[in-house]
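Only the coordinates and a few stated rules stand behind these numbers; no lab work does. Since we're looking at a predicted model, the values are computed, not measured. Here the Cβ is made from the backbone with ideal geometry for all residues, glycine too, and neighbour counts use every protein chain on show.
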Amino acid sequence: MKKHWYDYLWIVELTYLILGFFNILFAWIGLFFFFIPLIIAVVRGTKGYCNRYCGRGQMFSLLGGRFGLSRKKDIPKWMKSKAFRYGFLIWFFLMFFQMLWNTYLVFAGTRDLRQVVTLLWTFKLPWNWAYHGTLFHPGAAQFAFGFYSVMLTSTVLGLVTMILFKPRSWCVYCPMGTMTQLICKAKNGKV
């Protein structure tokens, strides 16, 4: 089977995670992973990003498929349900908006920069080595810490479901996939 350039986007995903580990300001690059799927869904009315360009999905396919790190079991029905997917999307948005609020507070000067990555919205991991001050406002770094937390959390959730179930099980309840699906349905008049 012929390989295309987009078959290697898992390298971009892995590079993003590594760069954010060493310098948190690279977390801003993650906004591309956030906006490109939405733009494709709005413009084309398809989930082309999820199906072809998602580096995270490719990474899970590689780890779970080729490297055999997946049990290859079906994901439970409740995780496929609309209630779970939309509930998870709402939960993810609440956490995202909390991150934006914390960023606003740092920009406003009412809160100091927290050099912490929060994993699974609960565990605060000190991340002091990844930021040493820059020309940018501390609020820019606060956004980076928060956004990297979101990206790392979703990666860990994806890895866990990859191990327990099929390699791309994360894709079933991925908030970006759910949002792009809603956009596609609205664009194609199915909502």
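Karplus-derived 3J(HN,Hα) values for region 2-15, using 6.51 cos²θ - 1.76 cosθ + 1.60 with θ = phi - 60°, are 6, 8, 10, 4, 6, 6, 10, 6, 4, 5, 5, 4, 5, 4 Hz; glycine and proline are entered as x. Name all residues of region 129-151 having a backbone nitrogen under 20 Å from the label point set 7 Å from the Cα of ARG111 along its Cα→Cβ direction, giving them as ranges. Output list for this probe position: 129-134, 136-151. The trypsin sites (Lys or Arg not before Pro) of region 140-191 that DSSP puts in a loop, and whose beta carbon has at most 14 other beta carbons within 10 Å, are LYS190.
Look at where the Cα atoms of region 117-157 and of region 23-78 average out, and the two centres are 20 Å apart. Electrostatic tally near SER149: other residues with Cβ closer than 14 Å to its Cβ, Lys and Arg +1, Asp and Glu -1, net +2. Qualifying trypsin sites (Lys or Arg not before Pro) in region 23-118, where qualification requires a DSSP coil assignment and no more than 14 other C-beta atoms within 10 Å, comprise ARG71, LYS72, LYS73. Highest mobility in the GNM of the chain, judged by mean-square fluctuation with C-alpha springs under 10 Å and restricted to THR46, THR122, THR178, is found for THR122. Once you sort the root eigenvalues of the Cα gyration tensor of region 63-121 as a ≥ b ≥ c, which label holds: rounded (a/c under 1.5), prolate (a/b larger than b/c) or oblate (the other case)? Since a/c reaches 1.5 but b/c is at least a/b, the shape of region 63-121 is classed as oblate. List the residues of region 7-26 whose backbone N lies under 14 Å from a point placed 7 Å from the Cα of THR134 along the Cα-to-Cβ direction. Residues passing the 14 Å test: 19-26. Among the chymotrypsin sites (Phe, Trp or Tyr not before Pro) in region 67-97, those placed in a DSSP loop whose Cβ has at most 16 other Cβ atoms within 10 Å are PHE67. Taking a ≥ b ≥ c as the square roots of the Cα gyration tensor eigenvalues, with a/c under 1.5 meaning rounded and otherwise prolate when a/b beats b/c, else oblate, which class fits region 94-182? The shape class here is prolate. A simple charge model with +1 on the Cβ of Lys and Arg, -1 on the Cβ of Asp and Glu and nothing else charged puts the dipole of region 5-187 at about 860 debye relative to its Cα centre.
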